[in-house]
Each structure stands twice: as C-alpha cells, then as structure tokens.
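The values are calculated or read from the model by the stated rules, or taken from the named source; none is laboratory data. Bear in mind the structure is a predicted one, so any value in this text is a computation, not a measurement. Here the Cβ positions follow ideal geometry from the backbone for every residue, glycine too, while neighbour counts run over all protein chains shown. Accessible surface areas use protein heavy atoms only, side chains included; no ligands, DNA or RNA. Shrake-Rupley method; radii C 1.70, N 1.55, O 1.52, S 1.80 Å.
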Amino acid sequence: QVQVVESGGGLVQAGGSLRISCAASGRTFGTYTMGWFRQGSGNRREFVAAISRTGDVIEYADSVKGRFTISRDNAKNTVFLQMNIVKPEDTAVYYCAVRSGVGMGRMSYDYDYWGQGTQVSVSS
C-alpha cells in the first residue's frame with residue numbers, strides 16, 4: 001500500500017503562482033509514474049499532468065500546457081506541480097496519483113493510489 005499526501009493548496013489571485021506538492025511512501029517511489037488530476041465543482045476529475053519514473057517523459061493537458069510544470073525529486077519521494085499564470089477556471093481540488101505499472105497514463109483508471117486532494121482556489 002502506498003500512502004499519498006498532497007500539500008500546498010490555497011487561495012491565489014488570477015495571474016499569480018502556486019506550487020503544490022505530493023509525498024508518497026515506499027522505497028520504490030522511483031519506479032512509479034506520478035500524475036496530477038483535478039476536479040472542479042460539478043465537474044468530472046480530469047487529467048492535468050504526468051511524469052515518468054525518471055522524469056524524462058512529461059505530459060500535460062492542453063488547458064495547462066505552458067503554464068504548469070510537473071517535476072519530481074526521487075530522493076525525497078516527492079512530486080511537484082508549479083502553477084503559473086493561474087486562471088479562475090483552475091479552481092479545483094487537485095489530486096496526486098501513483099501509477100505502479102509501466103508507461104504513462106491520462107485516465108483515472110491508469111492509477112492505483114490516490115491522495116485526499118488539496119484545494120486550489122483562484123480569485124478573479
């Protein structure tokens with residue numbers, strides 16, 4: 001079982017920046033693909049970004065490409081999501097997810113373990 005804990009959410013003004021973090025337990029963190037998803041009020045959970053085990057492959061949703069950056073520190077079992085030029089439509093609960101299988105994924109069912117989420121609110 002992998003424990004996943006997000007942190008760093010909060011309130012930010014439109015156009016500003018925020019970085020959220022995710023810590024995952026286990027000695028095999030470096031073997032996991034990590035992903036970020038989000039779910040706004042009344043919306044379905046959607047893919048935001050994913051990063052491969054070594055960080056050499058990264059994918060983004062079109063809605064955040066050029067504004068958000070995913071990164072990881074395998075020595076600290078942590079993955080980050082740097083959010084720049086945020087917009088009110090970025091308001092959502094952001095979830096960190098762990099994929100223990102090989103390859104990347106953009107669907108919720110591609111991931112095996114999830115955190116409880118961290119709220120990000122963007123004011124206009």
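In the context of the full set of protein chains, region 64-124 has a per residue accessible area of 49 Å² (1.4 Å probe). When you restrict to C-alpha pairs under 8 Å that are six or more residues apart and normalise by the size of the chain, the relative contact order lands at 36 percent. The mean sequence distance of close C-alpha pairs (under 8 Å, at least 6 residues apart), as a share of the length of region 41-113, puts its relative contact order at 28 percent.
Carbon and sulfur together cover what percent of the accessible area of the chain at a 1.4 Å probe radius? Before the final figure, lay out the partial values.
Values: 2980 of 6350 Å².
Using a 1.4 Å probe with all protein chains present, the chain comes out at 47 percent carbon and sulfur.
In terms of overall dimensions, the C-alpha atoms belonging to the chain reach 41, 27, 24 Å along their principal axes, ordered largest to smallest. Taking every alpha-carbon pair in region 27-90 and binning the separations at 10 Å intervals from zero gives 21, 49, 25, 5 percent.
Can you list which of the trypsin sites (Lys or Arg not before Pro) found in region 36-75 are DSSP loop residues with at most 11 other C-beta atoms within 10 Å? Please report the intermediate quantities before stating the final value.
On the way: sites: ARG38, ARG44, ARG45, ARG53, LYS65, ARG67, ARG72; in loops: ARG44, ARG45, ARG53, LYS65, ARG67.
Within region 36-75, the qualifying trypsin sites (Lys or Arg not before Pro) (loop, at most 11 other Cβ atoms within 10 Å) are ARG44, LYS65.
Per residue, the convex hull spanned by the Cα atoms of region 81-124 measures out at 89 cubic angstrom.
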